[in-house]
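Here's the structure, in C-alpha cells; my notes come after.
The values are calculated or read from the model by the stated rules, or taken from the named source; none is laboratory data. Fair warning: this is a prediction, and the values are worked out from it, not measured in the lab. Glycine also receives a Cβ, built like all others from the backbone with ideal geometry; neighbour counts cover every protein chain displayed.
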Amino acid sequence: MMPADKTVKAANIIETEGVGKEFNGVWVLKDIDFSLRPGEIHSLVGENGAGKSTFIKILSGVYQPSSGSIKIDGSPITFHNVRHSESFGIRTVHQEINLVPFFNVYENIFIGTEQKKNILGIGVLDDRQMKRKAKEVIERLGVRLDVNKPAHLLNASMQRIVEISKVLVHSPRVIIFDEPTTSLGEEERKRLLEIIKGLKKTGIGIIYISHNLEEVMEISDRITVFRDGCRIDTMDRSEAAPEKIVSMMIGHKSYNEYKREECYKCSEVFIDVKNLSTDKLKGINFSVHKGEILGIAGVVGAGKTEIAKAIFGLDKIQKGEIQLYGGRYQPSCQRAIENGIALVPEERQAQGLIPNYSVMKNITLTYLNKWCSRGVMDSDREIETAREYIDLMSIKTTGYAQLVKFLSGGNQQKVILSRWLNGDFKIGLFDEPTKGIDVKAKEDIYGLMDQLAREGKAIIVLSSYLPELLSISDRIIVVHEGELVGEFDPKEDNAKEKIMHAMLGGRVA
Amino acid sequence: MIGKKLNVGSVDKKEFLRKYGTVMGALIIFTVFSLTARNFFTSTNLLMLLRQMSMLTIISLGFTFVMGAGGFDMSIGNATGLINIIFAIVILNTNSFWIALLAALLVGVTIGVLNGTLVAYIGLPDFIGTFAVGSIIYGVKMLITKGNPIFFNDTVPKIFFFIGQGYVGPIPFPVILMAFFVGLAIFILNKTSLGRRVYAIGGNSIASLYAGINVKRYRLITFIVSGLSVAIASVILTSRLGSAQPLAGEEFLLDAISVVFLSTTMFGDGEPTGSGTFVGALIISMMNNGLTMLNVPYYFQYITKGTVVIFAVVLSVVLGQKLRVKL
C-alpha cells in the first residue's frame, strides 16, 4: 500500500483505462482514461448526459464497467458493489441531502455505522465516542457546529457540511463531490470551496463535478471534459480557460455569456405587490411591468421562493395585497392560473414533474381542458401539441410517450416550461430555472425568457446565482431574511459587488 | 459474454412478468381449479362466479379511483351494510325502487364527502380518517337496526329483485352491470381529464398542486366515486340476499384491498387500472368460489386471501414499483 503522502504525488490512487459502459446495447460511456493523484482536485465537466455520472457510478461501485480496467494503487480491481469500493476508501458526497431531520448532527454522521460499546455483553450505542469523533471531523473542516443540533434546524450549507462529515469519519482516500454547491447561496458556496481545498491539502484525492465553471476554474488542479460519453480532453488548470472548456463541452459553437440586448418594458403594470407579509416575508413591495424581466436575488433561504409561493397562492398571505393588471387578486393556485400566472418551481423533481407520466402528459397537465371536450380527451390534438413543443423547445426524447423521469434535467425543465407555454400566460415566475442543467439548455432558457419578455409578458426570475441574474434581468431586487433590502440596475457600476453585499444583508463578505 | 446474454434474458423475463404476471396468475388459478374442483369449469358455475364477483368488482372500481390518487378507503366494508339498511327502509316505506336507489346513492355520496373532507381538506391520514368514518357507520347501522336484518314483503317492486337476481338471456343482470361499470371506469381513468388528474395526483401530489390541479377537490371526488360504487354494489347485494343485513358486505374491505393491490401489479405501472381491477377481482372471486367447491373451510379462505395480499404487495415492490400507499 502506498501511503497517502504528499511527497509521492506522482503515484495515482485511481487509474482507469478504456473504461466503458453499455446498457441494452447502447454505449453511454466509451473508452475513458482517467487518473487521480492524492492531494489533487480533478474536476469532471460536461453537459447533462455526457457520461460524468455514469463514470462516477463505476468508480463508486454502483455499476460495473462493460469494458476497460480500473487500477487502485496500481493493481487492477473490479468493484462488485458500493461497499467494495468504499473498502478502498472511495466515498461520494451526493448532490442530494440525505439527513434524518430529527436526528442530530452526530447521529446523522454515524447513521448506519453507529459506534457501540459493550455493557454486560450487550452492544450499546456509544454516544460519547460518536460525539467526540463527530466534533473532531467537524473541527477538521474548520466549521463551528453543535453536534447536538437536530439536522432540520440547520441551513442548507450546514447540512452539506454534515454530509461531508459523514464521509470523512471513514478516513477516505478519495472523495467524489457531485454538484456540492447546488442550492447554496454565494457566501456558502465560497466557504464550501475553501473546505474542499482544505481537504485536498490533507492528501485526499478529490473528484469534483459541477456545472459551475467559475467554481471549477477556481478549485481544480486538473479538468477533464466529457461529451457524449467520451473523454474529450484532460488539462491542467493553467492551460484551461472557461471559453475553451465550454467549446469542448458543447462541441460546436463557442460560448459567450448570455447578454440581452434590448429592454421591452412597457408602462403597463402587470403585477403590483404591496406590503406583502407571510410566515416568512415582511412587508415586500415591488411591481413588474409588461415586457420586463425582474430578477429577485437572495441567498438560499432568504425568502425568494416564498414570494413566488405567495403570488401563486401556495402560502397564506397575512398582510398586504397583490394587484394584477390594476385589479384586486385573492391568490389561489387556480385563480393564479386563470389570471395568467405561471410558476416554474425550484424543485423540478418534487414540485414539477409527474415522474411516471409521459412527456406529453406532463406538457398538457396544467391546461388539460384545452384538449378535451366535456371532459373527454382528444388524443390526436394532444399528441400534436406534444410533438409541436418537443420540436419547438428541442426536447431530447425518444418520443412524446417516453416517461419524463428518463429525461435529463435540462430536458425535464423544458417539459415544464412547455407546460406553461401552451397556455399563454402573462406573468411568469421562474424559480431557479437553470438549477442543475447543462450549458446548452441554460442558454435556451435564457433565450426563451428574453423572447417571452419581447412578446409582452412580465417575467420574474428568482435565483441565488448572481451572474445569471445580472445577464438576464432588467432590474434586480434583493431579499434578505424575508425583507426587501435593495433594488439595482444590473448595468450600474459595480452592480455585482453591491448586490452581493445586499444579499449578505449588508455584512462585508 | 455468456453472462451478459443470460442477463439480457432475465431482464426480458422480468419485464414480461412485470407486465403480465398478474394475468398469468389468474390463468394459473383458473386452470388449477378447473382440474381439481369437479364442478368449477361448467357454464353454470362460471356464470355464478361472474355474478358473485360483480359486487366486489364494482366496489373495487371505486377503490381504484381512490388509490389511483394515492389514497385509501377503509370505510367500504361498513358502508355496504348501512346502505343496505337505508335502501331497505326507504323502499319499504315508499314502495318506490327509484326513490330507494336515490337514497342509497345519496348515502354513498355522503360517506364519500365525509371521507374526502376529513382526508383531503382537514388533512387526516387516509387510514385514520376513513377508518374512523367506518367505525361511525358501524355504530349508526347498529343504532338503526339493533343488529337485526330487515326483510322485504311482497309489495316491493319487482324491478328490485331483478337487479340482483334477474337474467338477460343466459346472462345474470349483475354481470351486465359489472361489464358496464368496468367499461365506464376504464374509459374515465384513461380517456378523461378526471382520470388524468387522478393519476397525476397519485404520481406526485405536490407537483400536481404546482401544476394548478385542485388536489383537494379531486381527492374528494375519488372518495365520492368510491361511495357511489359501494352504494351500487349494496343495492345489488340487497336484491341478491332478498333482505338487508347490517353486517353484510364486511368482507368487501379485505377483498377490495386485495383486488386493488393486485390491480397495481398489473402492467407494471404501479398504478391500479380499470382492467387490472377486473382481473384482480376475478382472482379473488375464483379463489372464494374454487376453495368453497373444494370444501376448504371458510377460515382457510381468509388465510389464503391474506397471503395473496402479501404476495401481491411484495411482488409489486420486488418488481421495482413504488408502493402507492404509505403503509
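Quick look at the values:
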quantity: Single condition residue A:291 does not satisfy, out of (1) out of contact with any Cys (no Cβ under 8 Å at 6 or more places or on another chain); (2) within 14 Å of residue A:428 (Cα to Cα); calculated: (1)
quantity: Test: residue in the stretch A:315-332 that is without any contact (Cβ under 8 Å) to a residue 40 or more places away in the chain, under 20 Å from residue A:422 (Cα atoms) and not polar (S, T, N, Q); calculated: no
quantity: Any hit, the stretch A:136-151, residues being part of a helix (DSSP H, G or I) and polar (S, T, N, Q); calculated: no
quantity: Number of the exception - residue B:155 against (1) within 14 Å of another protein chain (Cβ to nearest Cβ); (2) out of contact with any Ser or Thr (no Cβ under 8 Å at 6 or more places or on another chain); calculated: (1)
quantity: Residue match in the stretch B:188-198 (condition: surrounded by 24 or more Cβ atoms within 10 Å (Cβ to Cβ), out of contact with any Pro (no Cβ under 9 Å at 6 or more places or on another chain), within 14 Å of chain A (Cβ to nearest Cβ) and touching a residue at least 24 places away in the same chain (Cβ under 8 Å)); calculated: yes
quantity: Selection within the stretch B:243-296 - over 17 Å from residue B:185 (Cβ atoms) and within 14 Å of another protein chain (Cβ to nearest Cβ); calculated: B:268, B:270
quantity: Qualifying positions in the stretch A:341-391 - surrounded by 24 or more Cβ atoms within 10 Å (Cβ to Cβ), touching a Leu at 6+ places or on another chain (Cβ under 8 Å) and closer than 30 Å to residue A:272 by Cα; calculated: A:341, A:342, A:343
quantity: Hits in the stretch B:233-270 - residues which are β-branched (Val, Ile, Thr) and either buried (at least 24 other Cβ atoms within 10 Å of the Cβ) or under 21 Å from residue B:26 (Cα atoms) (or both); calculated: B:235, B:238, B:257, B:259, B:260, B:264, B:265
quantity: Where residue B:168 falls short, out of the listed (1) free of Cβ contacts under 8 Å to residues at least 60 places away in the same chain; (2) more than 9 Å from chain A (Cβ to nearest Cβ); (3) crowded, with 20+ Cβ neighbours inside 10 Å; (4) not aromatic (Phe, Trp, Tyr); calculated: (3)
quantity: Failed condition for residue A:4, given (1) outside any strand (DSSP E or B); (2) at pLDDT 85 or above; (3) under 15 Å from residue A:174 (Cβ atoms); calculated: (2)
quantity: Among (1) more than 28 Å from residue A:348 (Cα to Cα); (2) modelled with pLDDT of 90 or more, the one test that residue A:105 misses; calculated: (1)
quantity: Residues of the stretch A:311-338 satisfying the condition of being within 14 Å of chain B (Cβ to nearest Cβ) and surrounded by 17 or more Cβ atoms within 10 Å (Cβ to Cβ); calculated: A:311, A:312, A:313, A:314, A:315, A:331, A:333, A:336, A:337
quantity: Residue satisfying all of: in the stretch A:350-360; facing chain B (nearest Cβ under 7 Å) and of a type in the set (A, V, I, L, M); nearest to residue A:377 (Cα to Cα) among these; calculated: A:354
quantity: Residue among B:36, B:44, B:64 that is in contact (Cβ under 8 Å) with a residue 60 or more places away in the chain and more than 22 Å from the chain's Cα centre (by Cα); calculated: B:36
quantity: Candidate set: the stretch B:209-219, residues that are at the interface with chain A (Cβ under 7 Å from one of its Cβ atoms) and of a type outside the set (Phe, Trp, Tyr); chosen: the one surrounded by the fewest Cβ atoms within 10 Å (Cβ to Cβ); calculated: B:214
quantity: One residue from A:218, A:239 being over 30 Å from residue A:144 (Cα atoms) and either without any contact (Cβ under 8 Å) to a residue 40 or more places away in the chain or assigned by TED's automatic domain parsing to the domain that holds residue A:139 (or both); calculated: A:239
quantity: Pick from the stretch B:97-118, criterion within 14 Å of residue B:226 (Cα to Cα) and of a type in the set (A, V, I, L, M), ranking: surrounded by the fewest Cβ atoms within 10 Å (Cβ to Cβ); calculated: B:113
quantity: Subset tally (residues that are assigned to a helix (DSSP H, G or I), in contact (Cβ under 8 Å) with a residue 12 or more places away in the chain and closer than 22 Å to residue B:173 by Cβ) for the stretch B:141-159; calculated: 1
quantity: Which listed residue, of A:397, A:385, A:366, is within 8 Å of chain B (Cβ to nearest Cβ), touching a residue at least 24 places away in the same chain (Cβ under 8 Å) and not charged (D, E, K, R); calculated: A:366
quantity: Qualifying residue in the stretch A:230-238 (condition: away from chain B (no Cβ under 14 Å), within 22 Å of residue A:463 (Cβ to Cβ) and assigned to a helix (DSSP H, G or I)); calculated: no
quantity: Extreme residue, nearest to residue A:405 (Cα to Cα), among residues of the stretch A:348-388 that are in a loop (DSSP other than H, G, I, E, B), in contact with a Ser or Thr (Cβ under 8 Å, 6 or more places away or on another chain) and not β-branched (Val, Ile, Thr); calculated: A:365
quantity: Flag for residue A:347 being of a type in the set (Asp, Glu) and at the interface with chain B (Cβ under 9 Å from one of its Cβ atoms); calculated: yes
quantity: All positions within the stretch A:272-291 that are crowded, with 22+ Cβ neighbours inside 10 Å and assigned to a loop (DSSP other than H, G, I, E, B); calculated: A:281, A:291
quantity: Residue ID - nearest to the chain's Cα centre (by Cα), chosen from residues in the stretch B:242-266 that are over 20 Å from residue B:16 (Cα atoms) and among the hydroxyl-bearing types (Ser, Thr, Tyr); calculated: B:258
quantity: Residues being in contact with a strand residue (DSSP E or B) (Cβ under 9 Å, 6 or more places away or on another chain) and surrounded by fewer than 18 Cβ atoms within 10 Å (Cβ to Cβ) - total across the stretch A:476-487; calculated: 3
quantity: Strands (runs of 3 or more DSSP E) contained in the stretch A:401-509 and holding at least 2 residues in contact (Cβ under 8 Å) with a residue 40 or more places away in the chain and of a type in the set (Val, Ile, Thr); calculated: A:458-463, A:475-480
quantity: Which numbered condition residue B:74 fails, given (1) closer than 30 Å to residue B:193 by Cβ; (2) touching a helix residue (DSSP H, G or I) at 6+ places or on another chain (Cβ under 8 Å); (3) assigned to a helix (DSSP H, G or I); calculated: (3)
quantity: Within the stretch B:299-327, considering residues that are at pLDDT below 65 and basic (Lys, Arg), the one nearest to residue B:205 (Cα to Cα); calculated: B:324
